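Undergrad: Structure incoming, see below.
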Amino acid sequence: MATDTTSGQLETAPPAAPGHEIAGVRVPTRSLSSELRAIKVVWKRELIRFSRDRLRILTALMQPFLFLFVLGTGLSRLAAAGTHGVNLRTFVYPGVLCMAVMFTAMFSAASLVWDREFGFLREMMVAPVRRSSLVLGKCLGGATVAGFEGVIVLALAPLVGVPYAPVLIIEVFALQLLLAFAITAFGVMVAARVTQMQSFMALMQMAIMPMYFLSGALFPVAGLPQWLTILNRIDPLTYAVDPMRRAVFAHLHISQVARHALDPGVTWWSWHIPGLLEAAVVGLIGLVMLAVAIAEFSRAE
């Protein structure tokens, strides 16, 4: 209905033409199936994005190759006296497996910052699903992608003197998935508050690199100075590197002296921590980071 400015009379708007009805908008109700579908969609998106970026796959493998074959080969002769006949590349191999998973998981979490800058994250946040489902799908997708990257490095085991063994592969792969989940959850938690890619990468590098060097990935954890021992024990990555090295060394034929020197295990007040408990610590840290990430995204606008 409108007013004619010349006569002051009201005009009635013509009815809508037949066949041109306005479609109603229906928001589906939340259900378990819709939440699971949202998790699956976000998880699948991570896999599609990773599979189409071949350059990312190659660049993610550069650092493990450098540490394993360049640094490991270059320092083998220098460190021969301290490894008791064990190849240095064999010793650092579990740490390199963790490195491959860590950096891939970190870059998976970094994609959230890109999604925010390009506006895709806002579209995800207004979807009629819980934000916890989106965060969980992101973490599971990042863990799957990082686990795939770890499998590529795991395939190099015979080149560093580590035999193929079904039990070893299952144990290492399970630990890689746990570590990938924890690192991705940590990255998602950081990405919930960081709005620029430069800031995110700087923060992640500042956190990841000290964790890696303090974890014992490149040196035995026995006989360390007191201050370094304390930092090693509070480093979450220690509890992923140690059981992974324990699994690798369990399939090596080396002397007891070398095993005691290179694989002493992590202790709490002279108590040797079982490998399952170390894996549980990594999983618990991942769940805590996931809960914090969900809380951060629930408060985010």
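Undergrad: Can you confirm whether Thr229 is touching a Ser or Thr at 6+ places or on another chain (Cβ under 6 Å) and either modelled with pLDDT of 90 or more or assigned to a helix (DSSP H, G or I) (or both)?
TA: For Thr229, the condition - touching a Ser or Thr at 6+ places or on another chain (Cβ under 6 Å) and either modelled with pLDDT of 90 or more or assigned to a helix (DSSP H, G or I) (or both) - is not met.
Undergrad: What are the residues in segment 224-259 that are surrounded by fewer than 15 Cβ atoms within 10 Å (Cβ to Cβ), under 29 Å from Pro158 (Cβ atoms) and free of Cβ contacts under 8 Å to residues at least 12 places away in the same chain, if any?
TA: The answer is His253, Gln256.
Undergrad: Out of everything in segment 123-138 that is in contact (Cβ under 8 Å) with a residue 60 or more places away in the chain and of a type in the set (A, V, I, L, M, F, W, C), what residue ends up being surrounded by the most Cβ atoms within 10 Å (Cβ to Cβ)?
TA: Going through the qualifying residues, I end up with Val135.
Undergrad: May I pose another question? Just one of the numbered conditions (1) without any contact (Cβ under 8 Å) to a residue 24 or more places away in the chain; (2) part of a helix (DSSP H, G or I); (3) out of contact with any helix residue (DSSP H, G or I) (no Cβ under 7 Å at 6 or more places or on another chain) is not true of Met211; which one?
TA: (1)
The values are calculated or read from the model by the stated rules, or taken from the named source; none is laboratory data. Note that the structure is predicted; figures quoted are calculated from it, not measured. Cβ: placed from backbone, ideal geometry, glycine included. Neighbour counts: every protein chain shown.
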